[in-house]
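Data first, discussion second: the structure below is written as structure tokens.
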Amino acid sequence: MSTPSTPEWVNQQLFSDLLQHNCSEFDEIQKFEVSAAISGGENYLTIVLRIGIKFRLKDDSCKDESYILKIPLVNDRGDQHDFHEFFIAENDMYDRLVPELEQLYAKHTNLSVRFKPAHLKFIENPPNCDYILMEDLRKQGYINLERMLGLGQTEIKAVLKKLAQWHAASAQRVVELGDYDENYQKSYMSAEGQKWIEQANITFNVPYLECMQQHYELEPGQQQLITNYMDRLTDLYLDFGRVNRCEFNVLNHGDFWCNNFLFKLHAGEIRDICFVDFQLPKYGTPAHDLFCLLMTTPNLHIKLEKFDDFIEYYYDELIAHLKMLKYANKLPTLTELHENLRKNSLWAFVCAQRMLPVTLFPPSPDSNVTNFMGDSETAMNFKRKMFTNPSYVKQIKLILPWLIQRGYIN
């Protein structure tokens with residue numbers, strides 16, 4: 001069984017070799033199924049497949065296994081595709097950096113902290129294609145929560161605690177192992193990426209200004225302030241991407257919204273949270289992940305009202321875990337964190353403008369990277385649909401004045 005987008009190299013023999021390498025008792029595969037792991041319209045950059053396998057062991061008993069395989073949307077060009085560097089970064093995160101963060105907790109604390117699913121590789125006859133292969137966390141009871149409804153206070157605080165653990169370990173890693181590689185410090189927010197940033201800003205800002213003027217019911221002065229702010233986005237992007245060594249910095253997940261973390265629940269209680277999709281890591285201000293989470297994922301009833309409470313909760317957990325890890329550098333203060341958020345408030349606007357529409361948009365076959373990032377008339381119309389989605393309009397009418405009132409848009 002296969003899906004229409006499954007390349008030929010994803011086959012039973014490939015996974016038979018994988019099991020042979022990883023299970024000494026493996027005998028043969030009895031059932032091999034490939035299905036879509038994510039429904040249409042939920043993933044913009046990659047194809048995500050679920051590989052279900054029933055196999056026999058040498059003692060004649062049977063076992064079921066399930067894997068998640070992530071491959072490029074365009075998967076018949078080997079490594080020559082536009083997002084090749086994302087797969088390089090994600091493989092490095094899975095293989096090297098995330099295990100280093102987990103090991104810091106094993107070294108300094110009694111906590112057993114897990115940030116990611118197990119990562120595997122094809123040893124025999126690896127495909128000539130970028131891929132990420134990992135355990136299927138669904139077998140352990142992990143699930144995504146509904147993105148369009150938004151998460152409640154209990155869920156957001158649980159995510160913030162896990163994020164604080166991650167950020168604390170990522171800061172301690174610099175103390176013990178040195179700076180992150182240059183590509184994690186620059187990401188795409190550098191002079192080398194300026195042309196791409198400029199083009200992306202145009203493709204989003206043109207339809208956004210139209211929709212803002214017609215649907216968001218802002219005062220004329222507010223409209224003009226936001227219009228002027230959007231004219232400066234490229235310079236603001238480059239400023240945001242620079243690492244200020246005098247401030248507290250972390251390795252950000254970089255794409256930290258509800259589709260990229262999974263909850264393990266038991267009797268309605270959150271037992272664990274695991275992160276996925278490490279394609280956009282960026283060393284720098286923690287405002288990056290905080291704004292990404294808090295502008296997209298809480299439900300509207302608490303998103304703005306509880307914002308400061310969420311920041312304080314994150315801060316308390318961050319300091320607690322930095323102390324657990326014996327962080328020797330200066331601890332940030334809550335005042336400094338708020339100042340950092342104001343200084344890096346570009347990301348609050350970017351996430352409200354570009355990520356929140358994705359979060360609230362119903363699954364659609366039109367939801368793909370070509371329409372999201374492109375400037376064709378079809379792509380522009382797709383963005384107009386996102387920006388005028390009633391759920392988004394309802395939220396952004398409140399969010400934009402709130403960003404102005406807090407000095408986040410200035």
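The values are calculated or read from the model by the stated rules, or taken from the named source; none is laboratory data. Owing to the predicted nature of the structure, the values given are computational and were not obtained by experimental measurement. Here the Cβ is made from the backbone with ideal geometry for all residues, glycine too, and neighbour counts use every protein chain on show.
Among the residues in segment 184-201, are any surrounded by fewer than 16 Cβ atoms within 10 Å (Cβ to Cβ), small (Gly, Ala, Ser) and in a helix (DSSP H, G or I)?
So far as segment 184-201 goes, yes, one or more of its residues are surrounded by fewer than 16 Cβ atoms within 10 Å (Cβ to Cβ), small (Gly, Ala, Ser) and in a helix (DSSP H, G or I).
Check residue 375 against each of (1) surrounded by 17 or more Cβ atoms within 10 Å (Cβ to Cβ); (2) part of a loop (DSSP other than H, G, I, E, B); (3) out of contact with any Gly (no Cβ under 8 Å at 6 or more places or on another chain); (4) at pLDDT below 95 and name the one condition it does not meet.
All conditions pass for residue 375, except number (1).
Please verify whether residue 270 is outside the structural domain of residue 38 (by TED's automatic domain parsing), out of contact with any Phe, Trp or Tyr (no Cβ under 6 Å at 6 or more places or on another chain) and either modelled with pLDDT under 95 or aliphatic (A, V, I, L, M) (or both), treating the condition exactly as stated.
No, not satisfied.
Listed here are the residues, each with its yes/no results for (1) more than 19 Å from the chain's Cα centre (by Cα); (2) outside the structural domain of residue 161 (by TED's automatic domain parsing); (3) modelled with pLDDT of 95 or more.
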{"site": "318", "(1), (2), (3)": "yes, no, yes"}
{"site": "336", "(1), (2), (3)": "yes, no, yes"}
{"site": "346", "(1), (2), (3)": "no, no, yes"}
{"site": "363", "(1), (2), (3)": "no, no, no"}
{"site": "371", "(1), (2), (3)": "yes, no, no"}
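Please tell me if residue 392 is modelled with pLDDT of 95 or more and either touching a Pro at 6+ places or on another chain (Cβ under 8 Å) or acidic (Asp, Glu) (or both).
Yes; evaluated as a whole, the condition is true for this residue.
Taking the condition in contact (Cβ under 8 Å) with a residue 60 or more places away in the chain and over 26 Å from residue 170 (Cα atoms), does residue 318 pass?
Spelling it out, it is not the case that residue 318 is in contact (Cβ under 8 Å) with a residue 60 or more places away in the chain and over 26 Å from residue 170 (Cα atoms).
Condition test on residue 239, is it under 30 Å from residue 144 (Cα atoms) and touching a residue at least 12 places away in the same chain (Cβ under 8 Å)?
No: the conditions fail for residue 239.
What strands (runs of 3 or more DSSP E), lying completely within segment 254-306, carry at least 1 residues that are surrounded by fewer than 22 Cβ atoms within 10 Å (Cβ to Cβ)?
So the answer is 261-266, 269-275.
Which ones in segment 232-266 are closer than 25 Å to residue 155 by Cα and of a type in the set (Gly, Ala, Ser)?
Matches in segment 232-266: 254 only.
Out of 74, 98, I need the residue that is within 21 Å of residue 180 (Cβ to Cβ) and either at pLDDT below 90 or not assigned by TED's automatic domain parsing to the domain that holds residue 180 (or both). Which one?
98
With the requirement that a residue be assigned to a helix (DSSP H, G or I) and either assigned by TED's automatic domain parsing to the domain that holds residue 323 or exposed (fewer than 13 other Cβ atoms within 10 Å of the Cβ) (or both), what does segment 101-120 give you?
106, 107
Please work out if residue 183 is without any contact (Cβ under 8 Å) to a residue 40 or more places away in the chain and polar (S, T, N, Q).
no
Return the residues of segment 132-170 that are surrounded by fewer than 22 Cβ atoms within 10 Å (Cβ to Cβ) and assigned to a helix (DSSP H, G or I); say none if nothing qualifies.
Within segment 132-170, 137, 138, 139, 140, 153, 154, 155, 157, 158, 161, 162 qualify.
Within the set of pairs 6 or more residues apart or between chains, which connect a residue that is assigned to a helix (DSSP H, G or I) inside segment 347-364 to a residue that is among the basic types (Lys, Arg) with Cβ atoms less than 7 Å apart?
Once the first residue is assigned to a helix (DSSP H, G or I) and sits in segment 347-364, its partners that are among the basic types (Lys, Arg) give 359/147.
Which residues, taken from segment 121-131, are surrounded by 14 or more Cβ atoms within 10 Å (Cβ to Cβ) and in contact with a helix residue (DSSP H, G or I) (Cβ under 7 Å, 6 or more places away or on another chain)?
The answer is 122, 130.
Here's the yes/no breakdown for (1) touching a residue at least 12 places away in the same chain (Cβ under 8 Å); (2) charged (D, E, K, R); (3) within 28 Å of residue 246 (Cβ to Cβ):
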{"position": "300", "(1), (2), (3)": "yes, no, no"}
{"position": "322", "(1), (2), (3)": "yes, no, yes"}
{"position": "328", "(1), (2), (3)": "yes, no, yes"}
{"position": "333", "(1), (2), (3)": "no, no, yes"}
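Can we say residue 245 is among the basic types (Lys, Arg) and either at positive phi or in a loop (DSSP other than H, G, I, E, B) (or both)? Step through it out loud before you land on a result.
Values: among the basic types (Lys, Arg): yes; either at positive phi or in a loop (DSSP other than H, G, I, E, B) (or both): yes.
Judged against the criteria, residue 245 is a match.
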